[in-house]
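The values are calculated or read from the model by the stated rules, or taken from the named source; none is laboratory data. As the structure is a prediction and not an experimental result, all values here were calculated from the model. Don't worry about glycine lacking a Cβ; one is built from the backbone with ideal geometry, like all the others, and counts go over all protein chains shown.
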Amino acid sequence: MEPFVQRHRRDEAKEASLFLLESWVKEKDGLTAGFTGRSGGASGDAWASLNLGLHVGDRDEDVIENRRRLIDALGWPEQSFVCGEQVHGCAVQAVGAADGGRGLTSRATAVPDTDALMTDEPGVLLVSLYADCVPLYFWDPVREAVALAHAGWKGTVLEIAHRMVEAMGERYGSMPADIRAAIGPSIGSCCYEVDEPVLARVRPLLAELAETGVVPLAEAIEMTSPDRGRLDLKELNRQIMIKAGILPTHIECSEWCTGCRTDLFFSHRMEGGATGRMASWIGMKGR
């Protein structure tokens, strides 16, 4: 069953398109988690309409309005928003209420050089941006901690999911077996063909996973020519989570492909780079 369920909207033009991580939201009162679609925003042209990225050439005022529509739709205050300045790395940063508002209206105020955010403080809304890369969600219901990680092929090779599990353990005392994880809407292997330089970077990770008995090479790469292949980033990240100690039964994976569904999502690859950005989010409201 698809874990990310599109929320019904009364006003399609002005209400942000949201895909809720339904089982988590229903299970834990006060927990919010999900992914945005591309409609219900103020942006025009190539960014129509719910573009949430300040770095893609859209008008800043439209992006800020779109972010406010997202926050309003979730029923959270603007100062709860915390966003990192993503660099396709693997750095993990713990944030709290004192970081509220970082990155909301300016890239300069975002948490620098960070592709993964975590918190155990209520009232903090973690946000990351995407247009094909893989959104990773983490929730420890025992320690009451949540986290997000942005995993393109570079972050996947750097095993950002594993680093997040380690960081949650060091900071919050999270046990891998307690952590719940989800893999959000992102480009599927059906639409993600890469060349040999990328494959060469991925193969050592695949070899490592194969040695640990986690995943055979054939399940993550389907060669389409001698020097090109289709890469399954979702499955790679799922297997990295398992390697990190998260139970397979605690991992939910979206079947939505951003490349196949440009009616619902932005896709950097399918739209030639001229497109907007979706957001993942997660947070816990205070008691």
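Taken over the range 10-22, the criterion of being buried (at least 16 other Cβ atoms within 10 Å of the Cβ) and not aliphatic (A, V, I, L, M) is satisfied by 15, 17, 19, 22. Scanning the range 211-238 for residues that are among the small types (Gly, Ala, Ser) and either more than 25 Å from residue 138 (Cβ to Cβ) or at pLDDT 95 or above (or both) gives 218, 225, 229.
Just to be sure, is residue 174 within 29 Å of residue 6 (Cβ to Cβ) and buried (at least 21 other Cβ atoms within 10 Å of the Cβ)? No: the conditions fail for residue 174.
In contact (Cβ under 8 Å) with a residue 40 or more places away in the chain and out of contact with any Asp or Glu (no Cβ under 7 Å at 6 or more places or on another chain), is that true of residue 131? Spelling it out, residue 131 is indeed in contact (Cβ under 8 Å) with a residue 40 or more places away in the chain and out of contact with any Asp or Glu (no Cβ under 7 Å at 6 or more places or on another chain). Here 115, 99, 60 are screened, and the one residue that is surrounded by 18 or more Cβ atoms within 10 Å (Cβ to Cβ) and more than 19 Å from the chain's Cα centre (by Cα) is 99.
Rundown of residues vs (1) more than 24 Å from residue 261 (Cβ to Cβ); (2) free of Cβ contacts under 8 Å to residues at least 24 places away in the same chain; (3) of a type in the set (Val, Ile, Thr), yes/no style:
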position	(1), (2), (3)
120	yes, no, no
135	no, no, no
150	no, no, no
171	yes, no, no
189	no, no, no
202	yes, no, yes
207	yes, yes, no
210	yes, yes, no
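Remark: residue 39 matches the filter, which requires a residue to be touching a Leu at 6+ places or on another chain (Cβ under 7 Å), among the hydroxyl-bearing types (Ser, Thr, Tyr), crowded, with 16+ Cβ neighbours inside 10 Å and part of a loop (DSSP other than H, G, I, E, B). Taking first residues from the range 152-166 that are over 22 Å from residue 119 (Cα atoms) and partners that are in a helix (DSSP H, G or I) and of a type outside the set (A, V, I, L, M, F, W, C), the Cβ contacts under 7 Å between residues at least 6 apart in sequence or on separate chains come to 157/201.
It is to be established whether one or more residues within the range 231-253 are over 24 Å from residue 278 (Cα atoms) and part of a strand (DSSP E or B). No; the residues of the range 231-253 include none that is over 24 Å from residue 278 (Cα atoms) and part of a strand (DSSP E or B). Across the range 14-31, the qualifying residues are those that are under 14 Å from the mean Cα position of the chain (by Cα) and in contact (Cβ under 8 Å) with a residue 24 or more places away in the chain, and the one among them that is farthest from residue 180 (Cα to Cα) is 18. Filtering the range 244-267 down to residues that are surrounded by fewer than 19 Cβ atoms within 10 Å (Cβ to Cβ) and of a type in the set (Asp, Glu), which residue is nearest to residue 233 (Cα to Cα)? Going through the qualifying residues, I end up with 255.
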